[in-house]
Structures are given as C-alpha cells and as structure tokens.
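**Student:** Dumping the structure here so I can ask a few things about it.
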Amino acid sequence: MRGITWGLLAAWIVHDLEELLTMPSWSQEAPEQVRAVLPHAPAAVLDQLPMSRAEATTAIGLTGLVMAAAAASGARTGGRSKFFQASLAGFGLHAGTHLAQSAVLRRYTPGLVTTPLVVIPYSVWARRRLKRSGVPIHPSDARLNLLLAAVVPAAHAVARLRRLRRAAADRPTMEL
C-alpha cells in the first residue's frame, strides 16, 4: 500500500519538476499567447500570468506540502484516508486542465509532457490498486474537494504577495 500512497507524492514531484523548469519562462510569453486565442481575456487576469522562478518555486513548494501531507495520511491509513483519496482524485482530474490549456492555446503549456506519461497513468493505476486491495473508495466530499481545489490558487497568491505588496506601495496616492 505504501507504493500507492507515497506514489502520489512521487508522481506529483515528477510532474511539478516539469512545471518548475518550464513555468517561469513560459509564463513570460503567456499573456500574448492567451490574448491571441482569447482576445477579450481581462487584462487584470493576463497581468497575473508572468511568474518569476522564486514565485513558481514558492507556489510549487506550498502545494508540495499539501501533497506530502496527503501521501502521509494515505500511508498512515492504508489508503483509506478521505484526504488521500480526494487528493489522488484531484491529481488525476487536474490532468484535464493541462490538456485543455494546451488544446486552447494550441501549444505546449507547463506540465503537458508529464500529464499523459505520469499523472494519468499513476492516477488510474493507484485507484485500481486501492479497489483491488479492498480499500473502500470514499464518496466525494464537496467541502474537502473545494478546500483541495483552493490549494493551488492559494499557493500562487501567497507566492505573489511580495510582488503585490510592492505594486501597492508603488501606486501613487491621491491627496485631497
């Protein structure tokens, strides 16, 4: 069972190493790529796409803490943990975002290579192994799923706090 549970963290590391290596440089070009395909995309959203290596490292590291906790919870419970199972499901389902992003932009986006080579195969294999081992699969828990879905956006927000603070400090103030 440990191979299944700690495999979540291992698969996540492989996948997110690809993202860490490619996200900062890709994100500098992303606003123009998105604007070319989605000309009405809000500028406020596009302005948030560029990401420094430090920001990417911070966001990925924070997400990694959650994935490590999920894998540990799964190992401790023999794969029965709701937290582990929801994280496993979310990891597998997030493959769709990588495939959709690349399809919409008609080009490579960070994480695309390891999505079909690691994310999807590991997720399918792990769920099948849990079922074959007699581990009951918990029904979806909406609150837990929402909480887990918020992890990546929250990690990116925390990673950008310094930049956002600096931008706020640089804004001219209006005196009356």
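**Student:** Considering Cα pairs under 8 angstrom that are at least six residues apart, work out the relative contact order of the chain and quote it in whole percent.
**Tutor:** Reported relative contact order: 32 percent.
**Student:** What accessible area per residue comes out for the chain, rounded to a whole number of Å², with a 1.4 Å probe?
**Tutor:** On a per-residue basis, the chain sits at 59 Å².
**Student:** Further question on the same structure: Starting at the first residue of region 26-33, write each ³J(HN,Hα) from the Karplus equation 6.51 cos²θ - 1.76 cosθ + 1.60 with θ = phi - 60°, in whole Hz, x for Gly and Pro.
**Tutor:** My calculation for region 26-33 gives 4, 5, 5, 8, 4, x, 5, 5 Hz in order.
**Student:** Any chance you could look up the accessible area of Phe83 with a 1.4 Å probe, heavy atoms only, rounded to 10 Å²?
**Tutor:** 60
**Student:** Additional query: Step through the residues of region 44-49 one at a time and calculate ³J(HN,Hα) from phi using the Karplus curve (6.51 cos²θ - 1.76 cosθ + 1.60, θ = phi - 60°), rounding each to whole Hz and writing x for Gly and Pro.
**Tutor:** For region 44-49, the Karplus-derived couplings read 4, 6, 4, 5, 8, 5 Hz, x marking Gly and Pro.
**Student:** OK, next. Farthest toward the dipole's positive end in the chain, which of Ala168, Gly74, Leu38, given Cβ charges of +1 (Lys, Arg) and -1 (Asp, Glu) about the Cα centre?
**Tutor:** So the residue we want is Gly74.
**Student:** At a 1.4 Å probe radius, carbon and sulfur cover how many percent of the accessible area of the chain?
**Tutor:** Here it works out to 66 percent.
**Student:** At what distance in nm do the modelled label points of Ala167 and Ser133 sit from each other, each positioned 7 Å from its Cα along Cα→Cβ?
**Tutor:** Simple spin-label model gives 4.4 nm for this pair.
**Student:** May I pose another question? Taking the structure as given and computing Cα extents along the principal axes in Å, which label from [x] 67, 39, 27; [y] 44, 35, 31; [z] 36, 36, 33 fits?
**Tutor:** The value computed from this structure is option [x].
**Student:** Can you compute the helix-only [θ] at 222 nm over the chain? Use -39500 (n - 2.57) per DSSP H run of at least 4 residues, normalise by all residues, nearest 500 deg cm²/dmol.
**Tutor:** Theoretical 222 nm ellipticity from helices: -23500 deg cm²/dmol.
The values are calculated or read from the model by the stated rules, or taken from the named source; none is laboratory data. Small disclaimer: the values here were computed from a predicted structure and weren't measured. Here Cβ is always computed from backbone atoms with ideal geometry, including for glycine, and neighbour counts include all displayed protein chains. Side chains included, ligands, DNA and RNA excluded: accessible areas come from the protein's heavy atoms. Shrake-Rupley method; radii C 1.70, N 1.55, O 1.52, S 1.80 Å.
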